[in-house]
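Chemist: Once you've had a glance at the structure underneath, I'll fire off some questions.
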Amino acid sequence: LLTALDIGQTDIDLTVKTAGTQQRLIQDVGTVGSSHHDDAIVGIEAVHLDQQLVQGLALGSIYGLIAIGYVLIYNTWGVLNFAQGDMVMVGAFTALIAYTYIGLPMWLAIPAAVLMCIVIGYLIELCAFRPLINAENQRRLIATIGVGIFLRNLIQIIFGADAFSFPSIFGNKAINIG
């Protein structure tokens, strides 16, 4: 995330903030408008291009999965499921508990989270959605909002309102590719 860019006559003061740390880069570029100036800008941008590309692909994949979930639910039920994000939250808290507190390795914690989401999803479908299968769309939409509120408040009662950080599964060392 570029937080500040100051182009002077003979240098560029560039402040970059990534992953909670802030770096200040100063590049001597000579006179503004020279070809040396343009090469310096390209060099600074190319340093972070590979990192931004990987992060963009990862975030885009997550957005794609969310969109597929909305489309599947809408096409089968005819209503958007506003509790979908809350079900993801339940899975994240299940993985956090399994990994951090129970001590399962991550390759077991993630399937445990998926299994928990399947069980809770089935119970929600059985108790909240199945009785409304022939109801009007407005009633089914309100049911999804109600399930989302219920799940959010249940997690808040169990874990409190404090934020939890998910521990890094890759450690604290940087991974260099190439």
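Chemist: Tally time: how many residues in segment 126-146 are in a helix (DSSP H, G or I) and either within 16 Å of TYR74 (Cα to Cα) or among the charged types (D, E, K, R) (or both)?
Modeler: Here is the first cut: in segment 126-146, the ones in a helix (DSSP H, G or I) are 126-132, 137-146.
Now drop any that are not either within 16 Å of TYR74 (Cα to Cα) or among the charged types (D, E, K, R) (or both), which leaves 129-130, 132, 137-145.
Of the residues in that region, 12 qualify.
Chemist: In the list GLY43, GLY91, GLY30, which residue meets the criterion of being at pLDDT below 90, open to solvent by less than 70 Å² (accessible area, probe 1.4 Å) and touching a helix residue (DSSP H, G or I) at 6+ places or on another chain (Cβ under 9 Å)? Show your work before the answer.
Modeler: Numbers: GLY43 fails: touching a helix residue (DSSP H, G or I) at 6+ places or on another chain (Cβ under 9 Å); GLY91 fails: at pLDDT below 90.
GLY30 is the lone residue from the list that is at pLDDT below 90, open to solvent by less than 70 Å² (accessible area, probe 1.4 Å) and touching a helix residue (DSSP H, G or I) at 6+ places or on another chain (Cβ under 9 Å).
Chemist: Condition check: modelled with pLDDT of 90 or more, assigned to a helix (DSSP H, G or I) and within 30 Å of HIS48 (Cβ to Cβ). Does ILE110 satisfy that? Step through it out loud before you land on a result.
Modeler: On the way: modelled with pLDDT of 90 or more: yes; assigned to a helix (DSSP H, G or I): yes; within 30 Å of HIS48 (Cβ to Cβ): yes.
Spelling it out, ILE110 is indeed modelled with pLDDT of 90 or more, assigned to a helix (DSSP H, G or I) and within 30 Å of HIS48 (Cβ to Cβ).
Chemist: Would you check which residues across segment 71-92 are in contact with a Lys or Arg (Cβ under 6 Å, 6 or more places away or on another chain) and either without any contact (Cβ under 8 Å) to a residue 60 or more places away in the chain or under 26 Å from PHE159 (Cβ atoms) (or both) and list them? Before the answer, list the steps.
Modeler: Here is the first cut: in segment 71-92, the residues in contact with a Lys or Arg (Cβ under 6 Å, 6 or more places away or on another chain) are 79, 86.
Once the filter is applied, which keeps residues that are in contact with a Lys or Arg (Cβ under 6 Å, 6 or more places away or on another chain) and either without any contact (Cβ under 8 Å) to a residue 60 or more places away in the chain or under 26 Å from PHE159 (Cβ atoms) (or both), segment 71-92 yields only ASP86.
Chemist: Still on this structure, I have one more. Please list, ordered by first then second residue, the pairs with beta carbon atoms under 7 Å, 6 or more apart or interchain, first in segment 142-167 and under 20 Å from LEU96 (Cβ atoms), second assigned to a loop (DSSP other than H, G, I, E, B) and open to solvent by less than 70 Å² (accessible area, probe 1.4 Å).
Modeler: GLY148/ALA83; LEU151/ALA83
Chemist: Where residues in segment 103-148 are more than 16 Å from GLY69 (Cα to Cα) and charged (D, E, K, R), which of them is surrounded by the most Cβ atoms within 10 Å (Cβ to Cβ)?
Modeler: The qualifying residue surrounded by the most Cβ atoms within 10 Å (Cβ to Cβ) is ARG140.
Chemist: Considering only segment 157-175, I want to know if a residue exists there that is assigned to a helix (DSSP H, G or I), open to solvent by less than 90 Å² (accessible area, probe 1.4 Å) and either modelled with pLDDT under 95 or charged (D, E, K, R) (or both).
Modeler: Just the residues of segment 157-175 that are assigned to a helix (DSSP H, G or I), to begin with: 157-159.
Cutting the leftovers down to open to solvent by less than 90 Å² (accessible area, probe 1.4 Å) gives us 159.
Remaining after also requiring either modelled with pLDDT under 95 or charged (D, E, K, R) (or both): 159.
Within segment 157-175, one or more residues are assigned to a helix (DSSP H, G or I), open to solvent by less than 90 Å² (accessible area, probe 1.4 Å) and either modelled with pLDDT under 95 or charged (D, E, K, R) (or both).
Chemist: Of (1) outside any loop (DSSP other than H, G, I, E, B); (2) farther than 14 Å from VAL79 by Cβ; (3) within 22 Å of the chain's Cα centre (by Cα), LEU123 satisfies all except one. Which?
Modeler: (3) is the only condition that LEU123 fails.
The values are calculated or read from the model by the stated rules, or taken from the named source; none is laboratory data. Quantities reported herein were computed from a predicted structural model and do not represent experimental measurements. Backbone-built Cβ (ideal geometry, glycine too); neighbour counts: all protein chains shown. SASA here: full protein model, heavy atoms, side chains in, ligands and nucleic acids out. Shrake-Rupley method; radii C 1.70, N 1.55, O 1.52, S 1.80 Å.
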